[in-house]
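Asks: Structure in structure tokens, see below.
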Amino acid sequence: MHGPSLSPFEKSVVENITEEAWLGLATDLIRCGQPRSGNALDPDQPHGEEEAIAHMVAGQLMGMGFDVEMPVKRAGRPNVVGRQQGTSPGPSLMINDHLDTYPVAEPEKWDKTDFDPYKATRHGDLLYARGTSDTRGNMASALLALKAVQASGVSLKGELIACFTVDEERDGTDGSIFVTRELGLRPDYSITAEPTAWGGPEGPWGMSVSTANSGHCLVEITLKGTKGHIWRPDIIANPILEAGRLLGELKEMPFTHVPHKFMGHTPPMTSVVRIRSGLDGEIQFSPDTCVITLAVVGIVPGMSMESVVKDIDRVTAGCLAGRNDIAAEVRQVPGSMFVAGTEPVEETEEPVKTLMSVYQTMRGEPPKLNRKNAFNDTIRFREAGINAVTFGPGEDGWAADNEWISIPKSVEAARIYAVTILRLMSHKE
């Protein structure tokens, strides 16, 4: 399974990372603090409360010998930062993951977990539950890697940092933005244990190294027409009908951007997430207002909130051309954030160089490099000037219901993390 360039010492370290250990830890992490740690991107929803899982993770790190702090931006949401100084000078490496998950709105769809979304349940080589792929399954891999390195008694150079943040699902205000901008956390390198896996179960599989991230934002289009009796649709301007015509244009519309040398899986495009119209108790009237909420994803460097709104406004105006009975307003969703795309860490730079080398050794082939479309804390670390990348066993595009993660990929990722830590920090056996 392992290439010839793994040293006997490295082999002894990764052999301590077992499927049984990963399953036990992942199961405990998935259940802990749920569902209170559910943290929707919707700005009008309550934020998550990650205190229970934060204390569990802090306890894990303390047991490994890390000096642990739990800095708080908002009550009930402690971040976890563990530090361990090496025996000699060297680079600082951060292993990162987040403590919140996405909420569950329809537990009746979770038949793989006996309709309890937080009951980790194995089916074959897959483990099902909310938080398996995003991201407590990845967290278990990261923690096991740290534990294996620390248990080996190895002497490391530099500083090893374990940073587990809150609020990642809502763009990091109380988490990664707080620890970088207000607390000044600035390691040399960072690896975020978030989903980048692909392939399987029958065919080839692997994990990409995401050396850049696309950005995103939320936009709403408000269409205003005329309220009228359902008996006279011929004399009213129904904004729902105009919204229907506009949706096709939004799906196909181009955005103003300069194609980046390193694009993501999708180009800049819209993803319609919600349409709201009509009032309870007024089904006998057609409404005068319809609001379309959409996410703009695949944002690359150079795009801005202003350019996005301008593009959508142009398409909306074109769709409504010649209509003076329908008005439209395009704006950023109140309370939401614009997240810009990041520049990549080059493959000749760390930690990409070592991570690629270790992957080649462990998997027998080089990893794919990509720009990750989804948000994670890597974006905030790149904004802070850190050489930060994403690499993890979760699926890059996980299932909304019956979320799952591959057990073999999770164990392999933990072993790759461990060897990468050893090599980046110039271990002395």
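The values are calculated or read from the model by the stated rules, or taken from the named source; none is laboratory data. These numbers come from a predicted model, not from an experiment. So basically every Cβ, Gly included, is an ideal-geometry build from the backbone, and we count neighbours across all protein chains shown. The accessibility values were calculated without ligands, DNA or RNA, using every heavy atom of the protein model including side chains. Shrake-Rupley method; radii C 1.70, N 1.55, O 1.52, S 1.80 Å.
Asks: Please arrange SER410, SER277 by accessible surface area, largest first, computed with a 1.4 Å probe and ligands excluded. Show your work: numbers first, answer last.
Replies: Numbers: SER410 0, SER277 50 Å².
The most accessible residue leads, giving SER277, SER410.
Asks: Next up: Rounded to whole Hz and in sequence order, give me ³J(HN,Hα) for segment 69-85 from the Karplus expression 6.51 cos²θ - 1.76 cosθ + 1.60, θ = phi - 60°, writing x for Gly and Pro.
Replies: Values per residue, Gly and Pro as x: 10, 10, x, 10, 8, 10, 3, x, 9, x, 7, 10, 10, x, 10, 9, 6 Hz.
Asks: I would also like to ask the following. If you fit an axis through the alpha-carbon atoms of helix 305-319 and take the longest principal axis of the Cα set of the chain, what angle between them do you get, 0 to 90°, nearest 10?
Replies: Once rounded, one gets 30 degrees.
Asks: Calculate one ³J(HN,Hα) per residue across segment 362-376 by plugging θ = phi - 60° into the Karplus curve 6.51 cos²θ - 1.76 cosθ + 1.60, and present them in order as whole Hz with x for glycine and proline.
Replies: 7, 9, x, 7, x, x, 6, 9, 8, 9, 6, 6, 7, 6, 7
Asks: Roughly how tilted is helix 239-252, in degrees to the nearest 10 and between 0 and 90, from the longest Cα axis of the chain?
Replies: On a 0 to 90 degree scale, this one is about 40.
Asks: With label points built 7 Å along Cα→Cβ from the Cα atoms of ALA399 and SER7, find their separation and express it in nm.
Replies: Between ALA399 and SER7, the simple spin-label model gives 4.3 nm.
Asks: Still on this model: Give the peptides 189-200, 246-257, 34-45 in descending order of average Cβ contacts within 10 Å, highest first. Before the final figure, lay out each step's value.
Replies: Numbers: 189-200: 24.7, 246-257: 15.6, 34-45: 17.8.
Going from most to least packed, we get 189-200, 34-45, 246-257.
Asks: Moving to a separate point now. How much solvent-accessible surface does PHE285 expose, in Å² to the nearest 10, with a 1.4 Å probe and all protein chains in place?
Replies: Probe radius 1.4 Å; accessible area of PHE285 about 60 Å².
Asks: Nearest 500 deg cm²/dmol is fine: what mean residue ellipticity at 222 nm does the chain get from its DSSP H runs of n ≥ 4 alone, each adding -39,500 (n - 2.57), divided by its residue count?
Replies: -8500 deg cm²/dmol
Asks: Also: Mind checking the angle between helix 407-424 and the chain's longest principal axis? C-alpha axes, 0 to 90 degrees, to the nearest 10.
Replies: Value to nearest ten degrees: 60.
Asks: Which lysines, if any, have their Cα less than 27 Å from the Cα of LYS157, not counting same-chain residues under 8 positions apart?
Replies: The reachable lysines, counting only those whose Cα sits under 27 Å from LYS157, are LYS11, LYS147, LYS353, LYS428.
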